[in-house]
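**Student:** Questions regarding the structure given below will be posed in turn.
Readers should treat all values here as calculations from the given coordinates under stated rules, not as data from a laboratory. From a predicted model like this one, the values you see are computed outputs, not experimental measurements. Glycine also receives a Cβ, built like all others from the backbone with ideal geometry; neighbour counts cover every protein chain displayed.
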Amino acid sequence: MQQYQKQPGSYRSLKAYQKSECVYDITFYFVDHFLDRGHDRTADQMQQAARSGKQNIVEGYSDAEGSSASHHKLTVIAKGSLEELLEDYEDYLRVHQLERWGQQHPKYTTCIPLFQKHNDSAYYRRQIEGRNAEDIANIAIIVIHQTLALLRGLIDRIDRQFLQEGGIKEQRFQARINYRNNMRKDFRDCRDLPNHPNHPNHPTHPNSPNNGQS
């Protein structure tokens with residue numbers, strides 16, 4: 001069970017979480033600068049989807065101590081939220097007749113290796129400052145795709161761990177069995193000691209050669 005005893009805030013070491021924080025910060029800036037919060041419901045929906053992607057990673061990672069099923073479920077929810085956010089960015093580009101960078105676009109080919117190296121949100125806040133909506137939406141799309149790839153890897157790892165080790169309930173049940181078996185073994189080992197009352201050589205044991213002798 002040791003692998004599930006997590007330190008507070010240790011989820012921050014997850015690359016998927018770090019990248020999701022970048023997505024949230026980019027989205028906050030995008031919504032604040034290019035959407036009308038008062039009249040466009042998409043503004044709140046995009047920000048909530050970005051927040052859900054990040055927060056469900058945190059909750060799932062924390063819940064892993066008590067339930068592997070919950071860890072899996074919440075990580076899948078995080079993935080779903082970011083897929084929804086990805087669709088919103090693609091919709092924005094389409095309805096505003098802005099360019100969606102293809103894989104051969106020079107900006108796309110420049111961004112991919114750079115973004116793969118950077119998981120700190122401060123880097124992206126610097127990159128998007130003062131840029132237009134088309135650039136920021138495309139940057140967001142690339143970072144979301146990279147985050148989704150990390151989440152798929154995390155989900156696969158959770159599944160493999162479940163198959164190899166079972167769920168938390170199974171592990172606790174097995175740990176209890178091991179504990180009881182060790183207790184029985186310790187008891188048997190203790191009885192083999194000469195000074196134990198049940199040892200044949202102990203003076204009080206019925207079969208002891210010294211039993212009844214002064």
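**Student:** Given the pairs 15/107; 15/117; 54/107; 15/79, which span a C-alpha to C-alpha distance of over 20 angstrom in this model? Don't skip to the answer; put the middle values down first.
**Tutor:** Working: 15/107 24 Å; 15/117 11 Å; 54/107 26 Å; 15/79 14 Å.
From 15/107; 15/117; 54/107; 15/79, over 20 Å: 15/107; 54/107.
**Student:** Show me 107-116, 150-159 ranked by packing, highest mean number of other Cβ atoms within 10 Å first.
**Tutor:** Working: 107-116: 13.6, 150-159: 16.2.
Listed from highest to lowest mean packing, they are 150-159, 107-116.
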